[in-house]
Amino acid sequence: MIPTIGRNIRYVLATGPMAGQARLAFITNVQDPERISLTCLPDAANDRLGVTLSATNVKHSEAKEPGTWHWPTATQS
């Protein structure tokens, strides 16, 4: 898929007690097909990251390393 502004994605948290867990995010800017800017909606009570998290120049990774984004799958909850 080609990333476009406004699409829902999954961002893998890089910091906090839930680092490595994926959270809902949406694309706010596209640098190229592999790198984007995003706004993430973490679970503020458990992730301890505030209400939103913004990140720029975030790399795509199907391996789902912390600090990267990937497309949601039908089996993710």
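Some observations on this one:
- What the chain shows is 58 Å² of accessible area per residue, with the surface traced by a 1.4 Å probe over protein heavy atoms.
- Note, ³J(HN,Hα) from phi for the stretch 39-52, Karplus 6.51, -1.76, 1.60, rounded to Hz, x at Gly and Pro: 10, 9, 10, x, 7, 4, 5, 9, 7, 6, 10, x, 6, 9
- For the chain: rounded, prolate or oblate by the Cα gyration tensor [a/c cutoff 1.5]: prolate
- The calculated 222 nm mean residue ellipticity attributable to helices in the chain amounts to -500 deg cm²/dmol, summing -39500 (n - 2.57) over DSSP H runs of n ≥ 4 and dividing by all residues.
The values are calculated or read from the model by the stated rules, or taken from the named source; none is laboratory data. All figures in this text were calculated on a predicted structure; none of them were measured in a lab. Keep in mind that these areas ignore ligands, DNA and RNA; they rest on the heavy atoms of the full protein, side chains included. Shrake-Rupley method; radii C 1.70, N 1.55, O 1.52, S 1.80 Å.
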